[in-house]
Amino acid sequence: QVQLVESGGGLVQPGGSLRLSCAVSGNIFRAYTMTWYRQAPGKQRERVARISADGSTNYADSVKGRFTISRDNAQSTAYLLMSSLKPEDTAVYYCNANWYHDDYWGQGTQVTVSS
């Protein structure tokens with residue numbers, strides 16, 4: 001059973017930074033496409049950033065230039081470094097691991113941007 005465990009969320013002031021981590025169990029982490037999603041209250045879940053097995057990345061327009069997704073295959077962990085945070089970044093952030101028909105989700109971590 002593959003498990004994803006997110007960490008690193010919390011309360012941060014506007015303009016601040018946070019780094020989210022997503023630790024993945026199992027032994028094929030390097031094959032997964034890793035994606036961060038977020039869902040704010042009353043809104044649909046949206047894709048934030050994605051990193052493929054080959055390291056290529058893409059971002060939602062709303063976070064380009066502020067967020068950076070990365071992965072450490074040796075640690076089986078994906079990261080989301082969030083900088084210049086805004087109140088509208090407040091949401092529960094989820095990580096997803098996908099490889100062909102395998103699709104796994106973490107439990108989510110709350111990020112609140114507020115003064």
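The values are calculated or read from the model by the stated rules, or taken from the named source; none is laboratory data. For clarity, every value in this text was computed on a predicted model and none was experimentally measured. Here the Cβ positions follow ideal geometry from the backbone for every residue, glycine too, while neighbour counts run over all protein chains shown. With ligands, DNA and RNA removed, areas are computed over all heavy atoms of the protein, side chains included. Shrake-Rupley method; radii C 1.70, N 1.55, O 1.52, S 1.80 Å.
Please name whichever of Ser7, Ser114, Gly26 sits farthest to the positive end of the charge dipole of the chain, dipole taken about the Cα centre and charges placed at Cβ: Lys and Arg +1, Asp and Glu -1.
About the Cα centre, the residue reaching furthest to the positive side is Ser114.
Rounding to the nearest 20 debye, state how big the charge dipole of the chain is about its Cα centre with +1 on each Lys and Arg Cβ and -1 on each Asp and Glu Cβ.
So the magnitude is around 200 debye.
Skip the ligands, DNA and RNA, and give the accessible area per residue of the chain with a 1.4 Å probe, whole Å².
Per-residue accessible area for the chain comes out at 54 Å².
Please compute the modelled spin-label separation between Ala40 and Gln107, points set 7 Å along Cα→Cβ, answer in nm with one decimal.
The modelled label-to-label distance comes out at 2.6 nm.
For a protection proxy built on the mean count of beta-carbon atoms within 10 angstrom, sort 34-44, 76-86 highest first, please.
Those peptides, ordered most packed to least, come out 76-86, 34-44.
Viscosity 0.890 mPa s, temperature 25 °C: what is the translational diffusion coefficient of segment 1-99 from Stokes-Einstein with a Kirkwood Rh over Cα pairs, rounded to a whole number of µm²/s?
180
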